[in-house]
Each structure stands twice: as structure tokens, then as C-alpha cells.
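The values are calculated or read from the model by the stated rules, or taken from the named source; none is laboratory data. The shown structure was predicted, so the numbers you read here are calculated from the model rather than taken from an experiment. Glycine gets a Cβ as well: all are built from the backbone with ideal geometry, and neighbour counts include every protein chain shown.
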Amino acid sequence: MPVFEKETGALAVTDETVLPVGGIQSKQTPKDSLVGAGDKRAKQSAGDTGAEKPRMVKMVNQDLEEVETRTMTLEDWHNKWRRGKTKFHMSKVHPNLQKFYNRMIQGEGRKRIFVPMCGKTLDMKWLSDKGHGVVGNEVVEMACRQFFEEHDLQYTTERIEGVEGTLFKATDIDLQLFNCDYYKLTSDVIGTFDCIWDRGAMAAANPEDRDKYAAVIVPLLKPTGAYLLDLFELENTVFAGPPHGISDARVDELFASKCNIEELLRADRMGDWQRSWGLDSFKEVVRLLTPKQT
């Protein structure tokens, strides 16, 4: 899922300007905004009161296509991959994973690492090459197959127990992709993890699904685990996303009761691609979450 580079279209930028902690909080504009009443085309039919119909403001997604809602369905994601609209895919390992890798793994030893809504990110092979067991989740089958094919990895497939979907398993390394709906996952299905690397997955989730998103991911983290969470703050009136902005207050609301939250980076990521979306600001915020001990 989405991670955006300023110039190539992939999400992380290496030339970072770190800003003071506590920066701008995101403002979300209602998706159905009204324009002024001067548009004669919005007039009601003859014989009514003469009042004017409100007209919807069109928004654009990251591909600059006009849309009327910020909500994306699973079929929308399938269509993106079928149409090759995957500019969000990074052609390199995410710089923030490399930068904060040691903080995430918390010492030596082999870890079991989860990458939600993974697409075909190179991050998974990079983590595997470091000796870890890697589990990704991706709803689009095409993305799963492309990951294995582009890395020349042999794999098998089988039905996922307890959930509708397919489990892709590398034959020579400990790497698996659960090709299914993220919101169907539980620890009974996928197990628990020492580390979670969320490289824009939560930022791609529909804003109205954030409570559900957190309710799925927190129980997947072991009591001694670490969750590296890469999110965005953005201000706009016409950008439908993803990525979607999320404020400090909302992150606290979702996670602070169960996790300690440490901000590792806050950086300006405004570039030409983001300006084309009509954004006024675009900031990346990386946090490390660890479960509170009870």
C-alpha cells in the first residue's frame, strides 16, 4: 500500500527536513462540500420554490482522477492493479525502515515481522534477507504473484484456514503472503508478531475504518513487540486520498490506551506530486508503538 516519493512517485523521500514535534494537525474536509448558490445549472425544476440544489465539489485521487468519495472498496484496489495505477509502489526499500530498523527489532535475534497491506513492497525481501520470518497481507492476488515472480522466488499456494483467501508460501525462505481481506485477520489465522512494519497501510485505509484497523492490528503484536507506524498529516480541500491524513490526537485516540507512542520523525514531504493533488501541506510522521505492560 501507498508510500510516496517526491519525484518518482514512491512515498518516502530521502531529503528530509525534520520539523519540531507537535506540528500541524490534519484537517479533514467533509467529502460532500457545497459550492456557492450562483450556479444557475443547480436550479430546481420550474414550479418549485426556486431554491437551488447544492452541487457536489469533485475531488481527485492520487492519479488525478475525479472521484466523489474518499472511500475505496476492495474492487477499487483490484482495479488499480489491473490498470497499472500503482505509482505508490516504491522501487527501493523504504528509507524509514532502514533508518529505524534497529528500533523496531529491539536487539539481536530472529524476529517474526508483519507487513499489512503490503502490495509487492521490496521491504519484505529486505527483511527476509536479514534472517527474519516475514508475513505480508495483501488483498490483490496480482500483487502477491508479482512479488514472488519479480524476486524469482518459488512458492506454493493453499487455502487460508478460517478466512476466504489464498496463502502464498515461499519454498526456500520463511516468507508468506496472506492474500485476503485485512479486516478478516485475527491472531488465530495469522499468529502474533515481534514486529509490525506499517509502511502506509493505515494511511491507505478508509478514514471511517480506522477503529476497525486498530482493533485488528493491536492484538497481533506480542506483549514485548514493536510497531513501526508511518503516517501522514496533510491539509487539503479537494484531495480524496489515499494517502489519508491522520492527526496526533486521532493516533492517540486509537492507540494510547494500549500502547506507548514515541515519535521518531516528523518531516516535510511536500513535492510536485503532492502539489498536483491540491494539497497545502504534506508531512510524514513516524512513530514507534510498544504495548503497555499490565
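Descriptive notes on the structure:
- Options T156, T186, T166: the member that is at pLDDT 95 or above and within 19 Å of the chain's Cα centre (by Cα): T186
- Contact map, region 143-157: residues that are over 24 Å from D76 (Cα atoms) paired with residues that are assigned to a helix (DSSP H, G or I) and of a type outside the set (A, V, I, L, M, F, W, C), Cβ distance under 6 Å, separation 6+ or inter-chain. Pairs shown: H151/K125.
Every residue, every condition in (1) touching a helix residue (DSSP H, G or I) at 6+ places or on another chain (Cβ under 8 Å); (2) in a strand (DSSP E or B); (3) closer than 30 Å to T294 by Cβ; (4) hydroxyl-bearing (S, T, Y), yes or no:
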position	(1), (2), (3), (4)
P243	yes, no, no, no
A249	no, no, yes, no
D252	no, no, yes, no
S257	no, no, yes, yes
N260	no, yes, yes, no
L265	yes, yes, yes, no
M270	no, no, no, no
R275	no, no, no, no
L279	no, no, no, no
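- Identity of the residue in region 233-253, touching a Leu at 6+ places or on another chain (Cβ under 9 Å) and at pLDDT 90 or above, that ends up surrounded by the most Cβ atoms within 10 Å (Cβ to Cβ): I246
- Meets criteria (in contact with a strand residue (DSSP E or B) (Cβ under 6 Å, 6 or more places away or on another chain) and surrounded by 21 or more Cβ atoms within 10 Å (Cβ to Cβ)) for I261: no
- Filter result (without any contact (Cβ under 8 Å) to a residue 12 or more places away in the chain and not aliphatic (A, V, I, L, M)) within region 200-256: D252, E253
- Residue, modelled with the highest pLDDT, within region 272-284, restricted to residues that are under 14 Å from F232 (Cα atoms), over 17 Å from the mean Cα position of the chain (by Cα) and buried (at least 16 other Cβ atoms within 10 Å of the Cβ): S281
- Among the residues making up region 242-276, a single one is closer than 25 Å to L74 by Cα and touching an Asp or Glu at 6+ places or on another chain (Cβ under 6 Å): G245.
- The residue that is nearest to S128 (Cα to Cα), counting only those in region 190-228 that are of a type in the set (D, E, K, R) and surrounded by fewer than 21 Cβ atoms within 10 Å (Cβ to Cβ), is D194.
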